[in-house]
Every structure is written in structure tokens, then in C-alpha cells.
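Notes to accompany the following structure.
Read-outs throughout are calculated quantities, based only on the coordinates presented, and are distinct from any laboratory measurement. This structure is a prediction, so every number in the text was calculated from the model and none was measured. Because the Cβ atoms are built from the backbone with ideal geometry, glycine has one as well, and the counts that use them run over all protein chains shown.
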Amino acid sequence: MPLKTDTVEEPSLNLTPMIDVVFLLIIFFMVGTQITQMERQYEVDLPTVSDARPLTAMPDEIAINVKTDGVITVNGKARTLEELQSDLVAAKENFAEQGVVIRGEKDLPYQDVMNVLSVVVQSGIKSYSLAYRLGSEGEG
């Protein structure tokens with residue numbers, strides 16, 4: 001019967017790299033807390049401003065509705081193409097990133113939508129989109 005002469009090494013876990021990482025994290029957090037404590041030492045008297053305007057949120061997109069008979073409405077008011085362009089130019093002056101949504105009825109002549117789109121582009125508005133509705137598979 002043959003005897004085993006080789007010794008079997010038991011698996012071992014080397015903890016040295018893990019201990020190194022833990023010590024580095026401890027040092028990192030200790031140095032970080034020292035810096036924040038140093039910043040709290042200095043009292044800063046901030047200046048006051050009386051005529052500052054409050055921060056405002058981005059305005060909503062302007063919804064332009066084009067009906068089948070060619071009537072263009074903005075906020076419930078009928079507009080001609082010239083009036084629409086002056087409204088859009090004024091809105092762009094108030095907020096440079098003003099957005100526009102063009103909503104047209106489904107049986108609308110395509111030329112009416114393109115006329116409105118042309119006015120939007122001429123007004124200098126770069127953020128515009130055409131609204132649509134997803135239909136079910138049975139609809140045509």
C-alpha cells in the first residue's frame with residue numbers, strides 16, 4: 001500500500017491587502033473631516049442685494065393649435081400668421097430657450113402645418129415639436 005509523502009496545503013486567506021485598503025480609507029476620511037472643520041472656522045459676511053430678481057422656472061411650451069378650417073389659436077385666442085410671429089418673437093425675447101408645440105387636427109391640410117412651422121423657425125425658436133397621439137391597432 002503506497003503511502004502519501006506529499007503534504008496537503010490547506011487553503012488560506014491573505015488579509016494583508018484588505019487591511020491596507022481599510023487603513024487607506026480611514027486615513028482618507030480623517031483628512032476629509034479635518035478640511036471641513038477648517039472651512040467652518042472662517043466667518044463670512046455675505047453681501048446683500050435689494051433688486052435681485054427671483055429665480056424662475058422654465059416657462060411652459062407654447063401650444064399652437066391649427067384647426068381643419070385653418071384657424072390658428074394660441075391660448076384660446078385666434079391668431080393670424082403675422083400675429084403669431086410677433087407673439088413668438090416676444091416670447092423668445094423673454095426666454096431664449098422657449099419651446100413650442102404645434103398641434104394640428106388629423107384631417108388638416110399639410111400646408112397649414114408647414115405655414116405655422118415656418119413662422120416658428122422664422123421667429124428664431126429652436127425648440128419645437130409636432131404633437132401626435134398613439135392610436136390603437138384597429139384605428140386607421
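Points worth noting:
- For segment 62-130, relative contact order (Cα pairs under 8 Å, six or more residues apart, normalised by length) works out to 40 percent.
- For segment 62-130, share of DSSP beta bridges that run antiparallel, in % to the nearest 5: 40
- Under 5 Å between amide hydrogens, built in the peptide plane, is the criterion, and for residue 99 it picks out 62 among residues at least 5 positions away or on other chains.
- What the phi angles of segment 11-21 give under the Karplus curve with 6.51, -1.76 and 1.60, with θ = phi - 60°, is a coupling list of x, 10, 10, 8, 8, 4, x, 5, 5, 4, 5 Hz, glycine and proline written as x.
- Listed residues 78, 98, 124: farthest to the positive end of the dipole of segment 62-130 (Cβ charges): 98
- Computed about the Cα centre, the dipole magnitude for segment 62-130 is approximately 140 debye when only Lys and Arg (+1) and Asp and Glu (-1) carry charge, each at its Cβ.
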